[in-house]
Amino acid sequence: MEAKVVATPPPTRRRALTARRLFAVGRPPAPRVRAVLGVLSFILPLTLWSAISYAPFLWHPLVEITDPGDVSYFSAGMRAPADAFAEEVEAMTAAGQAPPRGVPANPVYLPAPHEVAIALWHAATPAADAREEFRLSSSLWHSIQIIFWAFLISSAVGVPLGILCGSFSAVGRLTEPFIEFFRYLPAPAFGALAVAVLGIYDAPKIAIVVIGTFFQQVLIIATTTRRVEYALLEAAQTLGARNLKLVRRVVVPAILPDLYNDQRILLGWAWTYLIVAELVGTSSGITFFITQQARYQHFENVYAAILVLGIVGFGSDLLLAWLGRWLFPWKRTSA
């Protein structure tokens, strides 16, 4: 019996076929390729950031002074423009005086990755004598509490109202035109009014996040509710379900996976409004930490705080995605 010989394409053709499959429209990549691409999505920006920070031939428009020499207005640690530094070196050399010395550097607002990593470590292990409002961990926890209460209030009203608007046309026609109008009003514009009514502490911050998410929430959930297959409603009506019982027993179970996804997206919007909300009233939270560190030009702490926000947001979203796959295993697109 003759053995079948399977023709193997040459390496060049194999690479071409792999690239063609990778960039095929509408065809998802293999799980291993998808994992590699996910890792690269983080590695590539970090590589670019490292190259700009550590390679002096890419972009180092300043010079960090290590020895000011005989230049009166230079001091150790100061950053001067490269052309001004070169002029001073030339002038001091021509005058027979000590020229300044320095190393290429980027602007102070672009710290190197290792400086941000050190700031993250210090944030994780704060000094015992550090003031509470200047601790990154305390500031982040304060902001998380604002997000929790604001999103809880917004969802407690917005989710039921959105379901009612999507289920009953009369409710939708009565409320959605005004909600459509109101959602175009920027939430920060209500800052002064919120302070006047609710005081200067956390209440106006919570109110601004609620305003920023509530009206979007109602419209998105109403649209999700309207996507329920009408055949399900007809079948339930044939069995005697009516009005609120129909909503409770048919509509809500049908939209739960999509409703869960909507809430994940809206939670990200709440974090976006938080930064603006914390500028209202008394200074507190992660925004106060960022503005204070930027004021004293501690930009490595600013980057560390921004990264912590991203880590918390991205980590919570991954956790919610995993929870969604566990809660709704029949809905592959739920996470």
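Quick notes on this structure:
- Portion, in percent, of the accessible area of the chain that falls on carbon or sulfur, probe 1.4 Å: 66
- Prolate/oblate/rounded call for segment 33-150, Cα gyration tensor, a/c under 1.5 rounded: oblate
- Once exposed loop GluC sites (Glu not before Pro) are cut out (DSSP; at most 14 other Cβ, 10 Å), longest piece of the chain: 3-228
- Taking 18 Å as the cut-off, the amide N atoms of segment 252-285 that come nearer than this to a point 7 Å along the Cα-to-beta-carbon line of Gln292 belong to 275-285.
- The residue among Pro28, Ala80, Tyr303 whose Cα reaches farthest toward the positive pole of the charge dipole of the chain, with charges on the beta-carbon of Lys, Arg, Asp and Glu, is Pro28.
- Residue with peak Gaussian network fluctuation, the chain [Cα springs, cutoff 10 Å], from Ala86, Ala277, Ala105: Ala86
- Electrostatic dipole magnitude of the chain [Cβ: Lys, Arg +1; Asp, Glu -1; Cα centre; debye, to 20]: 2480
- Between Val252, Val280, Val308, the Gaussian network model of the chain with springs among Cα atoms under 10 angstrom shows the greatest mean-square fluctuation at Val252.
- Highest GNM mean-square fluctuation among Ala30, Ala55, Ala192, for the chain modelled with Cα contacts below 10 Å: Ala30.
- For the pair Phe182 and Leu110 in one chain, pulling the backbone fully straight at 0.36 nm per residue adds 22.0 nm over the alpha carbon distance.
- Think of the chain as a dipole: +1 on every Lys or Arg Cβ, -1 on every Asp or Glu Cβ, centred on the Cα centre; then among Tyr260, Gln293, Leu48, Tyr260 lies furthest on the positive end.
- Efficiency of FRET from Cβ geometry, Asp83 and Ile52, R₀ 22 Å, rounded to 0.05: 0.65
- By the helix-only formula, in which each DSSP H run with n ≥ 4 contributes -39500 (n - 2.57) and the sum is divided by residues, the chain has a 222 nm mean residue ellipticity of -22000 deg cm²/dmol.
- Using only side-chain charges placed at the Cβ, +1 for Lys and Arg and -1 for Asp and Glu, the dipole size of segment 81-205 relative to its Cα centre rounds to 640 debye.
- Sites listed here are trypsin sites (Lys or Arg not before Pro) in segment 190-233 whose DSSP assignment is loop and whose Cβ has at most 11 other Cβ atoms within 10 Å: Arg227.
- Crossing angle, helix 113-124 versus the chain [Cα axis fit, 0-90 degrees, rounded to tens]: 60
- Cα long-axis angle, helix 202-225 against the chain (0 to 90 degrees, to the nearest 10): 50
- Surface accessible to a 1.4 Å probe, per residue, for the residues of segment 135-238, Å²: 52
- Three-way shape call for the chain based on the alpha-carbon gyration tensor, with the a/c threshold at 1.5: oblate
- Accessible solvent surface per residue of segment 30-101, calculated while the other protein chains remain in place, 1.4 angstrom probe, Å²: 68
- Ile265 paired with Thr93, simple spin-label distance in nm, labels 7 Å along Cα-to-beta-carbon: 6.1
- Spin-label model distance (nm) - Val39 vs Ile275, 7 Å beyond Cα toward Cβ: 3.0
- Here the spin labels are modelled as points 7 Å beyond Cα on the Cα-Cβ line, and at Lys245 and Ala30 they lie 5.5 nm apart.
- Degrees separating the helix 31-54 axis from the principal Cα axis of the chain, which is the longest one: 30
- Placing unit charges on the Cβ atoms only, positive for Lys and Arg and negative for Asp and Glu, gives segment 216-335 a dipole magnitude near 540 debye about its Cα centre.
- Per DSSP, loop trypsin sites (Lys or Arg not before Pro) in segment 242-300 with at most 14 further Cβ within 10 Å: Arg242
- Segment 257-335 - accessible surface per residue (Å², probe 1.4 Å): 54
The values are calculated or read from the model by the stated rules, or taken from the named source; none is laboratory data. A quick note: this is a predicted structure, and the numbers were derived from the prediction, not measured. Backbone-built Cβ (ideal geometry, glycine too); neighbour counts: all protein chains shown. In case anyone asks, the SASA skips ligands and DNA or RNA and just uses the protein heavy atoms, side chains included. Shrake-Rupley method; radii C 1.70, N 1.55, O 1.52, S 1.80 Å.
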